[in-house]
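The values are calculated or read from the model by the stated rules, or taken from the named source; none is laboratory data. Here the structure is a predicted model, which means the values were calculated and not measured. Here the Cβ positions follow ideal geometry from the backbone for every residue, glycine too, while neighbour counts run over all protein chains shown. Each accessible area value is taken on the protein alone, full model and side chains, heavy atoms only, with ligands, DNA and RNA left out. Shrake-Rupley method; radii C 1.70, N 1.55, O 1.52, S 1.80 Å.
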Amino acid sequence: MILPKTSALVLAALLMIAAMPAIITTVCAQGGITPPVPLPSEQPPPPAPGPGVATELAARRALETGLPSIASGIYRQLLADGAIAPDARNRIILACATALIEDDRIDDASDILRQFTGAPSPALLLRQAMIDTRARHFDKARATAATLRPEDLPAADRPWLFYLRGLLAQEARDDKQAGEQYQQAEAATATPAQHAWFLLARIRASLFLAQATDSAIATLRQTIDRYPGRPNGYTAASQLAVALNATARRGEAITLLQTQLQYLAPQETATRDEWLLLLGLIAGPDDNAGRDALRKLLSGSSDAAKQRAALRLLANASRAKERAAEFHNWLNQLIASTPPHPILDDLLLHRAQLALADKNNKDFIAAENDAARLLAEFPGSPLRAAALGIQTAVAWEQARFRAAADWATRARAELKSGPAYEQLGVLIAEAYFRAKDYRSASDAYGSALANVPSGVTAGELMFQRVLSEIKAGPNGESLASAQKILDSYAADKRFDSTSRWRAEWNLARALQTAGETAQAYARIDKLLASATDAALPADLRARMAWLHMRLAYDSGNYQQAIDHAEKLKTSLADTAPDLRDEITSLALLLEVEAGYALARPGQPATINTAEILRKLRADHPKSSAAIRSYMIEADEAARHDKLVEAQGLLRKLADDYKGTAYASYALFQAAIYAESRGQDQYYNEAYRLLEELIQNERRASPAAQSDLVFYARLKQGNLARKLNDYSRAIETYRDLANTYKFPEYRDGLTAELALADCYAALASSDTSRAESAATIYERLLDHPAANIDLRVEAGYKFGRILKERKAYARLEVIWWQMVNDFLLNDARAAKLGANGPYWLARTLLDLGEALEQQSKNTQAREAYQLIITKNLPGAALAQDRITRGKG
C-alpha cells in the first residue's frame, strides 16, 4: 500500500534510526567528515589526522618559538585523547617531555616519560639521561649517554645529545671536552629559539654544577679588588656570582651583580649583557631584580642571541595571570619602538603565539595581523615558516579550510623537509577535504604518501584519497577513478587490511547510491573470492561477507541473499563473540526480508519467515535486528492491508522498548497506519499515538527541540484539520512556527504554510482569515532561502486567493513571474523536487482558465502549451483544452 504523503516527511530522519542502527557505526576518517562504515560492533579506529596534526603542529610551533610552557599544555591536551594510537602517543610523550625539560619542570617531565610504552627508544633514553643529570645521578646519565649515537636520533634531538655530553664533561672537570660538545650543540641547532635555549642551558649548567669554598670566594673577591674595570676583574665577578649562588648565598650574588653593573663602563657592552643574563637567571624572571635585568637586556642589548634568551625567559614567566597583562603591554611598547627593535620578528612571533595561547579566548585577528606583518617586513627571516604556521592555525580554527590549505602549502615550501613538513602535507589534504574540494584533497593525499609523518599510517592516507575520489562526484567518472586508485593500492604493502576494506565499503555504498548496486555486489563478490584467509582477518572477512549478503538483497537477488546468509551463519567460528552474535542476528533478519520479497500470492513460501522471526527474537532478544524485525513484520502486514495487525506489532515494539528511538518510530508509524483507515475514530487514535510519542521524547530530552517531535506535531495539526478542528490545528501550527524557526530547522516553514492553509479554509466565513493566509503565502513565495517546491506551492495558493477576488492583473503578474523564475529558469527548474512540477501545472491550468475568462485566448494557449512542453503533470488535460478550443 502507499502510505499517506506526510509520512515521507519523517522517513528521512527516522530511517537513519531504523534502517541499520546497530550495524551503522563510526568508522571515521576524521571526526564528523567520513560517512559511517556499517561494520557490525566496530570500535572506532583512530580518526584521520586532521585535527590531531593541526594541534600537534601548534604545540611544535610554540616549542620552537621558545614557549615550552604553552607547548607542554597543548601536548597534554593531545595525551588526554584516549583515541591516539600507541606510536603517536609515545611521540607526543617525548615531545611533551622536551617542553617540560626546556621549561625546567624536571619532575613533571619524569612523570610524563613514565607513560611511554614499549621498548625504550634512543630518544626516550636521551631524555631520561637529561633528567638524571638534574637529579645528580651523573654515573647513570654517563652510562646512558655512552650508548647513544647521533645517527640513531632524530635531527632535532642531536643537539641535545651534544649538550648532554658537554654537561657530563663539565661535571667531570674536562673543560676542553665540555667546550667542544657545547659548540657542537649550538652548531647543530635548527632555530634561533633552540639556540637561545642552549645558551641558557649552558649558563644554567654552570650554576647547577658550581662548587665553591670560602677560600675560593675570598680569592675571587681579592681579584675583583685588584683588577677593577679590567677583564680579569670582570671574569672574577661572574665567577663570584656563580660561587655565591652555589653556596646558598643567592641574595649576595644578586647584590654583587647589581653593584658591578652600576659601576661598569658604558663601552663594556658584552660584559653588561653577560651580567644581566646571569642576574636574570640567578634571580629568576619572577623576581623584580631578575625581571628588571632581563628587560634591560632585551631592550638595550646588541647581542641578538642573548636578547632571544631574555625574551624566552620573560615570555614563559608571563603565563602566570598576574604577569600576562604587564608583559603584553611591555611587549607592545618594544614592537612599537623607533627605530625598529633588533629582533622585531621574534617579538611579533611571540605576540602572535601568545594571542593563541588561551584556548578559551583566542585573539585570532591579533595573531593574524602580527604574522602578516612578520611575513611582509622580514622576507628573509628564519621565522617565516612559523609565521605561516600561525596563519594556517588561525584559518583552520576558524573553519576557513581552503585558506588553511593555502597557508600550509606556503609553510611547507619554506621547510623543505622534516617532521613538520611531513605533517603539513597531511594537514593540506585534510583542509581541502573539509573545504569539500575533494579533487584537490585527493591530489594532496597522494602527495602526502611520499612523506608519511610519524603517527599517521599510509593506509589512512590511501583510504582518505579513495574517499576523496568518491566524494569528488557524484558521477561515473569519479567512481571509476576511485576504483582505479583503490586497485592500484591493493599491491602496496602499506595498505593495511582495515583501511582497504573500509575503502571497499565506502566505494560499494557510493556505487549503490549511483544506482550501480549490481556492480558493487560483483566487486565485493570478486574481492571475497580472491582474498585469502591469511590476508583478511576473521572479523573483517565477516563484516565484508555481511556487506556481500546485503548487496545481494539490495540488487534484488533475494534467493542469493538467503544463500549467503545461510553460509555466513556457519562461517563465524573464528569471529569475536559479540560480532558473531550481531552478524548472526542480522543474517536472520535479512532472511526474513528476502523471504517476504520472494513471497507470491497463492504460492508456497520459499522459507518459513515466522519460524525465523521466532528464532531471532528468542536467541537475540536485545539485538537491533530483533527490534527491527517488528517494524519489518508490521510493514509486511500493512502491504497486505492488515493494518490492525501492523499496529499491534508496532504497539508491542513501543511498549517493550520504551525510551528508545525505536519506540518513537513505532508510535509514529502506528499513527500513520491508524490514519490510513480513514475514519474519525482512527484519526483520533492516530492523534493519541503521536501525543504519546511527543511525551516520550520530551521526557527523554526535556530541553531539546526534537525533529521527530516537530513532524509528530505537524501530523497532529493535519489530523485536526481532517477532524474539522481548525482551532486546534491553528494553535498547533502557530506553536511549531514559533518554536522551529527557519533556517535553524530546515522544514520550519512547512508549519507556516500549513497555518496559511487553515486560514484559507476558513476564509469563506471570515474574510480576515483570507488576508492572513494571503500575507503568509506571499511572504513564503518571496522567501529567497525557502525550498523551491514550497515557494511554488505558496505562490499557487496566493494566486488562488487573488483569483477568487478577481484581481486578475496582479494574479497574472505573480503567476507569470513564478513560471519564469521556477520553470523557464533552467537552473532553478533543476532544483524542483517531487511536488514542484505538480504545483506549477496547477498554476498554469488555473492561469489559463483566468485568461480565458478575460478572453485572452492566445495567452491561455501559451500557458497550456508550457505544461505539454515542460512535461508537467496534467499534460493530457492541457492538450484537451487546446484541442477543444478553450485556449
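Quick look at the numbers
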| read-out | value |
| --- | --- |
| Asp152 vs. criteria under 24 Å from Ala420 (Cα atoms) and of a type in the set (Asp, Glu) | yes |
| Any hit, region 689-702, residues being open to solvent by 60 Å² or more (accessible area, probe 1.4 Å), outside any helix (DSSP H, G or I) and either touching a helix residue (DSSP H, G or I) at 6+ places or on another chain (Cβ under 8 Å) or within 27 Å of Phe742 (Cβ to Cβ) (or both) | yes |
| Hits in region 663-688 - residues which are of a type in the set (S, T, N, Q) and buried (at least 24 other Cβ atoms within 10 Å of the Cβ) | Ser664, Gln669 |
| Test: residue in region 247-260 that is in a helix (DSSP H, G or I), over 25 Å from Gln333 (Cβ atoms) and small (Gly, Ala, Ser) | yes |
| Some residue of region 144-161 being in contact with a Phe, Trp or Tyr (Cβ under 7 Å, 6 or more places away or on another chain), modelled with pLDDT under 95, over 20 Å from Asn90 (Cβ atoms) and surrounded by 21 or more Cβ atoms within 10 Å (Cβ to Cβ) | yes |
| Residue list for region 188-235, restricted to those being of a type in the set (Gly, Ala, Ser) and assigned to a helix (DSSP H, G or I) | Ala193, Ala196, Ala201, Ala205, Ser206, Ser215, Ala216, Ala218, Gly233 |
| Filter result for Ala552 (among the aliphatic types (A, V, I, L, M), in contact with an Asp or Glu (Cβ under 7 Å, 6 or more places away or on another chain) and either part of a helix (DSSP H, G or I) or open to solvent by 40 Å² or more (accessible area, probe 1.4 Å) (or both)) | no |
| Within region 611-637, considering residues that are out of contact with any helix residue (DSSP H, G or I) (no Cβ under 7 Å at 6 or more places or on another chain) and part of a helix (DSSP H, G or I), the one surrounded by the most Cβ atoms within 10 Å (Cβ to Cβ) | Ser624 |
| Residue pairs meeting the criteria (Cβ under 6 Å; at least 6 apart or on separate chains; first open to solvent by less than 40 Å² (accessible area, probe 1.4 Å), in region 417-438; second part of a loop (DSSP other than H, G, I, E, B) and modelled with pLDDT under 95) | Gln423/Pro453; Val426/Pro49; Val426/Val456; Tyr438/Ala472 |
| Residue satisfying condition, being touching a Ser or Thr at 6+ places or on another chain (Cβ under 7 Å) and open to solvent by less than 10 Å² (accessible area, probe 1.4 Å), within set Ala386, Ala395, Ala404 | Ala404 |
| Arg127, sole failed condition from (1) open to solvent by less than 20 Å² (accessible area, probe 1.4 Å); (2) in contact with a Gly (Cβ under 9 Å, 6 or more places away or on another chain); (3) basic (Lys, Arg) | (2) |
| Tally of residues being over 32 Å from the mean Cα position of the chain (by Cα), over 19 Å from Leu802 (Cα atoms) and among the charged types (D, E, K, R) across region 734-781 | 3 |
| Test: residue in region 72-82 that is under 23 Å from Arg319 (Cβ atoms), open to solvent by 20 Å² or more (accessible area, probe 1.4 Å) and among the basic types (Lys, Arg) | yes |
| Hits in region 61-117 - residues which are among the hydroxyl-bearing types (Ser, Thr, Tyr) and in a loop (DSSP other than H, G, I, E, B) | Thr117 |
| Close pairs from region 497-525: first among the charged types (D, E, K, R), partner at pLDDT 85 or above and open to solvent by less than 10 Å² (accessible area, probe 1.4 Å), Cβ under 6 Å, at least 6 apart | Arg502/Phe463 |
| In region 703-715, residue nearest to Lys642 (Cα to Cα) [restricted to those that are open to solvent by 10 Å² or more (accessible area, probe 1.4 Å) and small (Gly, Ala, Ser)] | Ser706 |
| Residue tally, condition surrounded by fewer than 20 Cβ atoms within 10 Å (Cβ to Cβ) and in contact (Cβ under 8 Å) with a residue 40 or more places away in the chain, over region 453-475 | 3 |
| Candidates Arg439, Arg412 - the one that is over 14 Å from the mean Cα position of the chain (by Cα), within 22 Å of Leu467 (Cβ to Cβ) and among the basic types (Lys, Arg) | Arg439 |
| Criterion violated by Gln267 - all others in (1) in contact (Cβ under 8 Å) with a residue 60 or more places away in the chain; (2) surrounded by fewer than 17 Cβ atoms within 10 Å (Cβ to Cβ) satisfied | (1) |
| Single condition Gly848 does not satisfy, out of (1) in contact with a helix residue (DSSP H, G or I) (Cβ under 7 Å, 6 or more places away or on another chain); (2) open to solvent by 50 Å² or more (accessible area, probe 1.4 Å) | (2) |
| Tyr838 of a type in the set (Ser, Thr, Tyr), over 22 Å from Arg881 (Cβ atoms) and part of a helix (DSSP H, G or I) | no |
| Scan of region 135-156 for residues that are in a loop (DSSP other than H, G, I, E, B), touching a residue at least 24 places away in the same chain (Cβ under 8 Å) and under 18 Å from Gln170 (Cα atoms), ordered by number | Ala135 |
